[in-house]
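Visitor: Just dropping this structure here.
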Amino acid sequence: MPSFVANVNQQTDVLPKGVKALMDNGLVTIPGRYIKPPSHRAVKHLIVPGVEIPVIDMAALESDREKFVQTLCKASSEWGIFQVINHGIPVATMQGMVHGVLELFDLPIEEKMKYYTEEVFVPVRYCTSMTPSQETHMEWHDHFQHYFSNREKEHPWPEKPACYRRLASSYVSSVRHLSQTLMSALSEGLGLDSNCLAKSFGDSEMILRSNYYPPCPNPDLALGMNGHTDSGGLTILFEDQVGGLQARKGDLWYDLKPIKNAFIVNIADQLEVLSNGKYKSIEHRVLVQPDQTRLSIVAFCNPSRDAVIGPLPELIDEQNQAETPHYHFKDPSSIREALQSWISDAWKRS
C-alpha cells in the first residue's frame, strides 16, 4: 500500500486533493475528516427505499398542454422534485457529456490541480467536498464546476480533455432549452403568462457542476453530499443508474429510483420565493456506495445578477401575503451570498 495512504489514515489533516486520488491509491479506511457525527449520518429506519417520484412526460406538452401544466404544477407543489422523460435531448448528447466528464476526472492529478481552488466563484473550478479548509466534516466527492453566462461571448474552458468543450457546449445548449420549456409551463401553472418567470430571471446564468463519488470504504460513516436545498432557480440533473440521491419530506428521506436517460429536476430556492411558496424547494442529499462510483452532472439554472427576487405581485392578495421581502439576487454578489449561506447551513448539519 502506498505510504501516504497509511499516513492519511493516521493523520486526518493530511489529505491529497480529492477522494478519487485516495481510492486510486488503495485507501482502505476513510480519513477522520470524512466521518460524520452519529447524529448526522443516514439512519436506515428513516429512509424509504426505491421511491418513484413524479414523472413528467414532455411528449404530453404538445398533445395536451393544459394537463401537462397541471401535472408539472402538482409535482412542483407536492414534491418539488420530479423526473423528466421524452425530453428531446439525444442520448448521444447525454452520454457524450458523461464521456467528457469522466475524462476530466481521469486527468492526472497535476492537471486537475491547475483548477483546484476553494474560491467557489472562479469560472472553472476543481475541488473536493466544498471548502475543505473550512469544513470539520467533509463530503465524500470531488467536483468540477463551470460557469456559463449569456452575457459572456467567450467562456473560459479547461485545456484538457480536448473533447470537453465540444461536448459541454452541446449539452448546455440542450439543457438550457429544456429549462426554458419547463419555466414557461411553471409560469402557466401559477396562472401567469408563460414568460413571466423568465422575465423575473432576466438574462439567466447556468452553472454546470459534475460530481464524482468514488466507492467509499465506510459508507455508513460518510455522506456524498450533506442535506441542502439549491440556492438558484431550477436544477436539472443527469445521473447514472447507481442511485444514492435522496429527498426529504417531513422526517423521512426518500431514496429516489432513477429512470434511465431521464433528467431529475428540482425546484430551487428562488423559484419557491417567486411562487410565494407554491412551488417547493426540497431538501436533498447523496449517499455513497461501498463498491460503485456514482457520477452526476448538474445544471443550476439561475437568475441574472441584476434580478430582483421576491414573490410575484400577481400572486399577492389579502389571502396570500408575501412570505419574503424582495432582494437583489446578486447585489453585489448574491450567488456568492446564497452559496455561502448554503455552505454555512451544510456546516451546521455536519
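The values are calculated or read from the model by the stated rules, or taken from the named source; none is laboratory data. No experiment lies behind these values; they were computed from the predicted model shown. As a convention, Cβ positions derive from the backbone with ideal geometry for all residues, glycine included, and neighbour counts pool all protein chains shown.
Visitor: Which of (1) assigned to a loop (DSSP other than H, G, I, E, B); (2) surrounded by 13 or more Cβ atoms within 10 Å (Cβ to Cβ); (3) modelled with pLDDT under 95; (4) within 19 Å of the chain's Cα centre (by Cα) does His155 not meet, given it meets every other one?
Guide: Result: His155 passes all but (4).
Visitor: Which residues, taken from the stretch 63-77, are in contact (Cβ under 8 Å) with a residue 24 or more places away in the chain and either in contact with a helix residue (DSSP H, G or I) (Cβ under 6 Å, 6 or more places away or on another chain) or surrounded by 15 or more Cβ atoms within 10 Å (Cβ to Cβ) (or both)?
Guide: Across the stretch 63-77, the qualifying residues are Phe68, Val69, Leu72, Cys73, Ser76, Ser77.
Visitor: Scan the stretch 83-115 for residues that are of a type outside the set (A, V, I, L, M) and assigned to a strand (DSSP E or B) and jot them down.
Guide: Our first condition is that a residue be of a type outside the set (A, V, I, L, M); within the stretch 83-115, this holds for 83, 86-88, 90, 93, 95-96, 99-100, 103, 105-106, 108, 110-112, 114-115.
Correct list: Gln83 only.
Visitor: Take the stretch 160-174 and flag every residue that is part of a loop (DSSP other than H, G, I, E, B) and surrounded by 13 or more Cβ atoms within 10 Å (Cβ to Cβ).
Guide: Our first condition is that a residue be part of a loop (DSSP other than H, G, I, E, B); within the stretch 160-174, this holds for 160-163.
Of everything in the stretch 160-174, those that are part of a loop (DSSP other than H, G, I, E, B) and surrounded by 13 or more Cβ atoms within 10 Å (Cβ to Cβ) turn out to be Lys160, Pro161, Cys163.
Visitor: Please pick out the residue among Ser170, Ser149, Ser184 that is more than 22 Å from Gly310 (Cβ to Cβ) and in contact with a Ser or Thr (Cβ under 6 Å, 6 or more places away or on another chain).
Guide: Being more than 22 Å from Gly310 (Cβ to Cβ) and in contact with a Ser or Thr (Cβ under 6 Å, 6 or more places away or on another chain) holds for just one of Ser170, Ser149, Ser184, which is Ser170.
Visitor: Only residues in the stretch 168-197 that are over 21 Å from Phe238 (Cβ atoms) and touching a residue at least 60 places away in the same chain (Cβ under 8 Å) count as the first member; pair them with residues that are in a helix (DSSP H, G or I) and among the acidic types (Asp, Glu), Cβ under 8 angstrom, at least 6 apart or cross-chain, and list the lot.
Guide: Final answer for the pair search is Leu190/Glu314; Gly191/Glu314; Leu192/Glu314; Cys196/Glu314.
Visitor: Let me ask something additional. Among the residues of the stretch 44-60, which ones are part of a helix (DSSP H, G or I) and within 15 Å of Glu283 (Cβ to Cβ)?
Guide: Correct list: Leu46 only.
Visitor: Just wondering, is there one or more residues in the stretch 55-63 that are of a type outside the set (A, V, I, L, M), in contact with an Asp or Glu (Cβ under 8 Å, 6 or more places away or on another chain) and at pLDDT 95 or above?
Guide: Looking through the stretch 55-63, none of the residues is of a type outside the set (A, V, I, L, M), in contact with an Asp or Glu (Cβ under 8 Å, 6 or more places away or on another chain) and at pLDDT 95 or above.
Visitor: Follow-up question, since we're still on this one. Out of all the residues in the stretch 261-276, which are under 18 Å from the mean Cα position of the chain (by Cα) and either among the aromatic types (Phe, Trp, Tyr) or in a loop (DSSP other than H, G, I, E, B) (or both)?
Guide: Asn261, Ala262, Phe263, Ala268
Visitor: Still on this structure: Quick check on my filter: what residues within the stretch 232-260 are within 17 Å of Trp79 (Cα to Cα), in a loop (DSSP other than H, G, I, E, B) and in contact with a Leu (Cβ under 7 Å, 6 or more places away or on another chain)?
Guide: Gly233, Asp251
Visitor: Could you tell me whether any residue of the stretch 277-286 is under 25 Å from Ala168 (Cβ atoms), at pLDDT 95 or above, in a loop (DSSP other than H, G, I, E, B) and not hydroxyl-bearing (Ser, Thr, Tyr)?
Guide: No: the stretch 277-286 contains no residue that is under 25 Å from Ala168 (Cβ atoms), at pLDDT 95 or above, in a loop (DSSP other than H, G, I, E, B) and not hydroxyl-bearing (Ser, Thr, Tyr).
Visitor: Still on this model: Could you tell me which residue of the stretch 109-143 is surrounded by the fewest Cβ atoms within 10 Å (Cβ to Cβ), considering only residues that are of a type in the set (Lys, Arg) and under 15 Å from Pro156 (Cβ atoms)?
Guide: Among those residues, the one meeting the criterion is Lys114.
Visitor: In the stretch 84-106, is there at least one residue being farther than 28 Å from Val273 by Cα, of a type in the set (D, E, K, R) and without any contact (Cβ under 8 Å) to a residue 40 or more places away in the chain?
Guide: Yes, the stretch 84-106 contains at least one residue that is farther than 28 Å from Val273 by Cα, of a type in the set (D, E, K, R) and without any contact (Cβ under 8 Å) to a residue 40 or more places away in the chain.
Visitor: Let me ask something additional. Filter the stretch 120-137 down to the residues that are in contact with a strand residue (DSSP E or B) (Cβ under 7 Å, 6 or more places away or on another chain) and either among the polar types (S, T, N, Q) or assigned to a loop (DSSP other than H, G, I, E, B) (or both), then identify the one that is modelled with the lowest pLDDT.
Guide: Pro123
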